Every structure is written in C-alpha cells, then in structure tokens.
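Notes follow the structure.
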Amino acid sequence: MAWHVRGVVLPDDEVRDLWLVGDRVTFSPVPGARTIADGGFVLPGLIDAHCHIGIARGGAPITSLDQARELARVDRDAGVLAIRDAGSPFPYPELDDEPDLPRLARAGRHVAPPKRYLRDIGVEVGAAEVAATVAAQARAGNGWVKLVGDWIDRGVGDLAPSWDADTMTAAVEAAHAAGVRAAVHTFSESAVDIMVRAGVDSVEHGTGLSLDLIDEMARRGTALIPTMINIRTFGGIADQAREKFPGYAEHMLALRDRFPEVVRSAYEAGVPIYVGTDAGGGIDHGLAAEEMLLLREQAGMSNLDVLAAASWRAREWLGFPGLVEGGLADLVVYPEDPRVDLRAVRDPARIVLRGRVIR
Ligand SMILES: [Zn+2]
C-alpha cells in the first residue's frame, strides 16, 4: 500500500506531492496510491532530543518493555516520531525497529558519580572507572552516552562537578573512541565549563553557561538542549532543599531566573539548539509542543528556527533523514501554518510513522 500526501512541505515554501512507499518517501508518482492528506503544512516528524522512556512517572526505573512502549506512544501521538533517549536504567534495544514506535537514538545508562545522582538511575562510578564505564555504556546504547556532569554535593551544600576535569575529558574521549557521541547533564557554571572544553557533543540544560562559553560552543558546533520545561521545575527543587541546603536552593533559583537570557544568547550566537522536554520521572511525555512554545516565548527564537529545532534540523543532527527522495516516511501535517502561529504544532491533523498512518 502506498500513500499520497499533498501540501506545503516545510522548510520549502511550496505545495508538493509526495508518496510514501513502505517506510520511504519518493517524489515520483505512485499509481493507485491513496491520498491521506490534501492541503495543510507538512513537516518531517518531530523529535524529542531529550527524553526518558525508561523512567516511570515519579522517577523509578521502568520494569518492562511495555512501560517503555506506553510512554513512547504518548510522544508519538503528539507528533514526535524520533526520540533521543538521554539515559535509561532499563535497556530496551528490542524497541529500535518496532513498527509503531518512534525511532530511537539511545544512550545507555547515565554515568554518574557515587551517591550523587537520582537513586537507581545511573551507573555510579568513581573517577578511576569512568572511562571504562563510558565504553561499556556506549555498547549498551546505539550512538550516544550520557554523562552526569554535576549534581548537588551534600558535603559542599551546592552543585559541584561530578569528577575533575581530567576525568571528564577522558570520559568524552572514551565515548568518541567507542564511536558514539557524548551528552552531558549540567546545571552549574563549573561543570559546563569543563565539559564544553572537554569536547562534549551536547550540553543538556546548560543553565550555567556564560557568554564566553556560548561563543566556544558556537565555534565548536556543540549542541544545546535547553529543556526549558525542566528548568521551570527548579522552584520546587529549591523549596524542598532550602532547609538543609540554603545555598543550593538560592543557586538553583538564580540559574532558573537567568536561563531565558542564556538560551536567547546561545540562539543569537548560533549555537545549534534542539527541542527536548526531559520527559520521564517528573515531567510528562507528549509536551514537545510546549517546549517549542517556550523556546519562542522565553528565548526569542523565530517560529521557523523552533520548527527546525524540532524537525528537519534535529532529524539531520540525529541521523534520521527527512522528507527527501529516499528519506524516512515520518511526517506530521498541520491544517494551519505553524510558521505563522506556532500553536498549530499542538494539534497535528495527520501523523505518519514508518509509513504507517497513526492518525
Ligand atoms: Zn534528562
């Protein structure tokens, strides 16, 4: 069975016809194809570049593949047809090619320092074991490793880097030697400085970025996944921590308050920015559209750049070809033009994943 889709295919600004055969796209007419969209605005399927389908609501690791399927379907039904899983305590390589699930770019488990990260989520190791652990987690994932660059150090009463600069640099080198890219969680100023200079491929959150470091990221092409939805929860984190760790609480609030300006500066400097929600644990799945709207409203990104950050540009970055000849038959169709009113992305009229009509 082949499908026919007609509409304005973004980012180009023209009405085009395309055909979906199997899980591929072609611009050559396929006789007998059934038309499933005629009119509207067609985008390569959205991505969520920072998502956790291995962490259940509340923060515990999932315990079955079905739980991961269920969470991934929530994202899929919002038009997210590829997910970069930014660390999972539960391995699920079996789901990579599952026909009705989003395509997956997976890290293995988070690599974290002992007793400093979310309980039961990461592989917790001391400095001497970091590089070997990264190599092992590179094999568990399919293209990424996830490093925890900082977290609260209860002895210090504030955020602190997970390991020293030499160890973190060796961790990034171990990832690259294993042929994968490295993503790093950072909230603090100190950790993100170490990690960008260590050559990490993507900064997750990055609340501690300075203008100097933003320029360095732009120069290196280091990606930023701001997860603005997540940063909005810092007030709750600060409230819980204030009694025992007042300095940490104040630090988190300061990082939250300056963050829109950080993302705006990164955008203006030309840092590649991608849409990621940090769904899993404390944040619901299916919120990619809300993250897109935050990037526009809080960081001043143009509608077109937000769409690129959630669709064609992000897909290219993750290695999932879009709506080109021979590309992947993953698309969303909106009745209204999301370049004019970005809120259109909240409600796709049509969703096609791997050539299968989902909606
Ligand atoms: Zn995360």
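The values are calculated or read from the model by the stated rules, or taken from the named source; none is laboratory data. What you are looking at is a predicted structure, and each value in this text was computed from that prediction instead of being measured. No Cβ is skipped: glycine too gets one built from the backbone with ideal geometry, and neighbour counts run over all protein chains shown. These accessible areas exclude ligands, DNA and RNA; they are computed on the full protein's heavy atoms, side chains included. Shrake-Rupley method; radii C 1.70, N 1.55, O 1.52, S 1.80 Å.
Out of segment 56-73, which residues are within 19 Å of Ala288 (Cα to Cα), open to solvent by 10 Å² or more (accessible area, probe 1.4 Å) and within 16 Å of the ligand (Cβ to nearest atom)? Before you say what the answer is, go through the steps one by one.
We begin by selecting, within segment 56-73, every residue within 19 Å of Ala288 (Cα to Cα); these are 56-57, 68-73.
After this cut, where a residue has to be open to solvent by 10 Å² or more (accessible area, probe 1.4 Å) as well, the list is 56-57, 69-71, 73.
The answer is Ala56, Arg57, Leu71.
Of everything in segment 251-269, what is touching a Gly at 6+ places or on another chain (Cβ under 9 Å) and not β-branched (Val, Ile, Thr)? Give them in sequence order.
So in segment 251-269, the residues touching a Gly at 6+ places or on another chain (Cβ under 9 Å) come out as 252-253, 255-256, 259-260, 262-264, 266-268.
Within segment 251-269, Met252, Leu253, Leu255, Arg256, Phe259, Pro260, Arg264, Ala266, Tyr267, Glu268 qualify.
Being touching a strand residue (DSSP E or B) at 6+ places or on another chain (Cβ under 9 Å), under 21 Å from Ile231 (Cα atoms), away from the ligand (no atom under 14 Å from the Cβ) and not aliphatic (A, V, I, L, M) is the requirement here; does Arg84 meet it?
On the way: touching a strand residue (DSSP E or B) at 6+ places or on another chain (Cβ under 9 Å): yes; under 21 Å from Ile231 (Cα atoms): yes; away from the ligand (no atom under 14 Å from the Cβ): no; not aliphatic (A, V, I, L, M): yes.
No; evaluated as a whole, the condition is false for this residue.
What pairs can you find where one residue is in segment 266-294 and hydroxyl-bearing (Ser, Thr, Tyr), the other is open to solvent by 40 Å² or more (accessible area, probe 1.4 Å) and within 16 Å of the ligand (Cβ to nearest atom), and their Cβ atoms are less than 7 Å apart, with a gap of 6+ or different chains?
Hits for this filter: Thr277/Leu287.
For a quick check of your reading of the model, give me the residue pairs whose first member lies in segment 30-53 and is farther than 18 Å from Ile351 by Cβ, whose second is within 16 Å of the ligand (Cβ to nearest atom) and in a strand (DSSP E or B), with beta-carbon atoms closer than 7 Å and at least 6 apart or on different chains.
Sorted first by the residue in segment 30-53, then by its partner, the pairs are Ala49/Arg84; Ala49/Ile225; His50/Arg84; His50/Glu204; His50/Ile225; His52/Asp85; His52/Ala279; His52/Gly280.
Would you check which residues across segment 115-125 are in a loop (DSSP other than H, G, I, E, B) and either at pLDDT below 95 or within 16 Å of the ligand (Cβ to nearest atom) (or both) and list them? Give the derivation first.
Taking segment 115-125 and keeping what is in a loop (DSSP other than H, G, I, E, B), we get 115-122, 125.
Matches in segment 115-125: Lys115, Arg116, Tyr117, Leu118, Arg119, Asp120, Ile121, Gly122.
So, Arg76, is that one under 30 Å from Val42 (Cβ atoms), within 16 Å of the ligand (Cβ to nearest atom), within 20 Å of the chain's Cα centre (by Cα) and touching a residue at least 24 places away in the same chain (Cβ under 8 Å) or not?
Numbers: under 30 Å from Val42 (Cβ atoms): yes; within 16 Å of the ligand (Cβ to nearest atom): no; within 20 Å of the chain's Cα centre (by Cα): yes; touching a residue at least 24 places away in the same chain (Cβ under 8 Å): yes.
No.
Which of the residues belonging to segment 126-167 are open to solvent by 40 Å² or more (accessible area, probe 1.4 Å), part of a loop (DSSP other than H, G, I, E, B) and not basic (Lys, Arg)?
Answer for segment 126-167, where residues must be open to solvent by 40 Å² or more (accessible area, probe 1.4 Å), part of a loop (DSSP other than H, G, I, E, B) and not basic (Lys, Arg): Asn142, Gly155, Val156, Asp164.
Do you know which of the residues in segment 22-55 that are among the charged types (D, E, K, R) and part of a strand (DSSP E or B) is nearest to the ligand (Cβ to nearest atom)? If you could, list the steps in order and put the result at the bottom.
Start the filter on segment 22-55 by keeping residues that are among the charged types (D, E, K, R), which leaves 23-24, 34, 38, 48.
Right, trim to part of a strand (DSSP E or B) and you get 24, 34, 38, 48.
Values: Arg24: 32, Arg34: 40, Asp38: 39, Asp48: 11 Å.
Among residues in segment 22-55 that are among the charged types (D, E, K, R) and part of a strand (DSSP E or B), the one nearest to the ligand (Cβ to nearest atom) is Asp48.
Per-residue answers, yes or no, for (1) over 24 Å from Glu250 (Cβ atoms); (2) within 16 Å of the ligand (Cβ to nearest atom):
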{"position": "Ala174", "(1), (2)": "yes, no"}
{"position": "Ala177", "(1), (2)": "yes, no"}
{"position": "Ala182", "(1), (2)": "yes, yes"}
{"position": "Glu189", "(1), (2)": "no, no"}
{"position": "Arg197", "(1), (2)": "yes, no"}
{"position": "Val203", "(1), (2)": "no, yes"}
{"position": "Ser210", "(1), (2)": "no, no"}
{"position": "Glu216", "(1), (2)": "yes, no"}
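Among the numbered criteria (1) without any contact (Cβ under 8 Å) to a residue 24 or more places away in the chain; (2) within 16 Å of the ligand (Cβ to nearest atom); (3) open to solvent by 50 Å² or more (accessible area, probe 1.4 Å), which one does Asp193 miss?
All conditions are met except number (2).
Quick test of your reading of the structure: His4 fulfils all but one of (1) open to solvent by 20 Å² or more (accessible area, probe 1.4 Å); (2) within 16 Å of the ligand (Cβ to nearest atom); (3) outside any loop (DSSP other than H, G, I, E, B). Name the failing condition by number.
Of (1) open to solvent by 20 Å² or more (accessible area, probe 1.4 Å); (2) within 16 Å of the ligand (Cβ to nearest atom); (3) outside any loop (DSSP other than H, G, I, E, B), only one is false for His4: (2).
In segment 134-145, is there at least one residue being at positive phi, within 20 Å of the chain's Cα centre (by Cα) and among the small types (Gly, Ala, Ser)? I'd like the intermediate steps shown before the answer.
In the first step, residues of segment 134-145 are kept if they are at positive phi; the result is 143.
In the following step, the residues that additionally are within 20 Å of the chain's Cα centre (by Cα) were identified as 143.
With the extra rule that they be among the small types (Gly, Ala, Ser), the set shrinks to 143.
Checking segment 134-145: at least one residue is at positive phi, within 20 Å of the chain's Cα centre (by Cα) and among the small types (Gly, Ala, Ser).
Suppose we filter Gly319, Gly327 for residues that are touching a strand residue (DSSP E or B) at 6+ places or on another chain (Cβ under 9 Å) and open to solvent by 30 Å² or more (accessible area, probe 1.4 Å); which single one remains? Spell out how you get there, then give the answer.
Numbers: Gly327 fails: open to solvent by 30 Å² or more (accessible area, probe 1.4 Å).
Result of the check over Gly319, Gly327: Gly319.
Within segment 87-109, can you find the residues that are over 18 Å from Leu353 (Cα atoms) and within 15 Å of the ligand (Cβ to nearest atom)?
Those that are over 18 Å from Leu353 (Cα atoms) and within 15 Å of the ligand (Cβ to nearest atom): Gly87, Ser88, Pro89, Phe90, Arg106, Ala107, Gly108, Arg109.
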